[in-house]
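This report refers to the structure that appears directly beneath it.
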2 protein chains.
Amino acid sequence: MRYQATILIELKEGILDPQGRAVEGVLKGLGHEVEAVRVGKVLEVVFPASGEAEAREKAQAMARLLANPVMETWTLEALKPL
Amino acid sequence: MRYQATILIELKEGILDPQGRAVEGVLKGLGHEVEAVRVGKVLEVVFPASGEAEAREKAQAMARLLANPVMETWTLEALKPL
């Protein structure tokens, strides 16, 4: 079976996010009231696995490799069979 | 009230994604079987709104500004009151 995992990688609280600040400035300049913007990455990974438990384990192992543990946190946002 | 919107911005199908290909190569090099990887952006936006309906409308308006309609699609992944 094939699974698709959606992994979110975001900067930890307290880490400066210049890209988020830039987006915040743009939205404000266009007339939107915003208090904060944080920008992160989303990865959609398609991979084979024999079942949901194995798929979850593989997705978590890949997320751990892709996030920088010093500055980033990761979340397995979704996991679905294809 | 304040709301937090999670907006995903991803490249449309058919648009080449060199960053995704690079991540795919890295995962394969580390011994993971993967078929495809697509990389996009996730934005967490905090903004004031009087209720859920207004918050949803504002979040969608901002997402429309932030995604490039030629190459990207956006999804309002989550909307929660803070």
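What follows is calculated from the coordinates using simple rules that are stated; it is not laboratory data. What you are looking at is a predicted structure, and each value in this text was computed from that prediction instead of being measured. Cβ: placed from backbone, ideal geometry, glycine included. Neighbour counts: every protein chain shown.
Quick notes on this structure:
- Segment B:7-22 - residue that is surrounded by fewer than 21 Cβ atoms within 10 Å (Cβ to Cβ) and part of a strand (DSSP E or B) and, of those, nearest to the other protein chains (Cβ to nearest Cβ): B:9
- Residue ID - surrounded by the most Cβ atoms within 10 Å (Cβ to Cβ), chosen from residues in segment B:23-56 that are farther than 28 Å from residue A:13 by Cβ and more than 7 Å from chain A (Cβ to nearest Cβ): B:24
- Taking the criterion of being within 9 Å of chain A (Cβ to nearest Cβ) and in contact (Cβ under 8 Å) with a residue 24 or more places away in the chain, the residues of segment B:59-76 that qualify are B:62, B:66.
- Residue selection: residue B:4 fails the criterion of being in a helix (DSSP H, G or I) and within 10 Å of another protein chain (Cβ to nearest Cβ).
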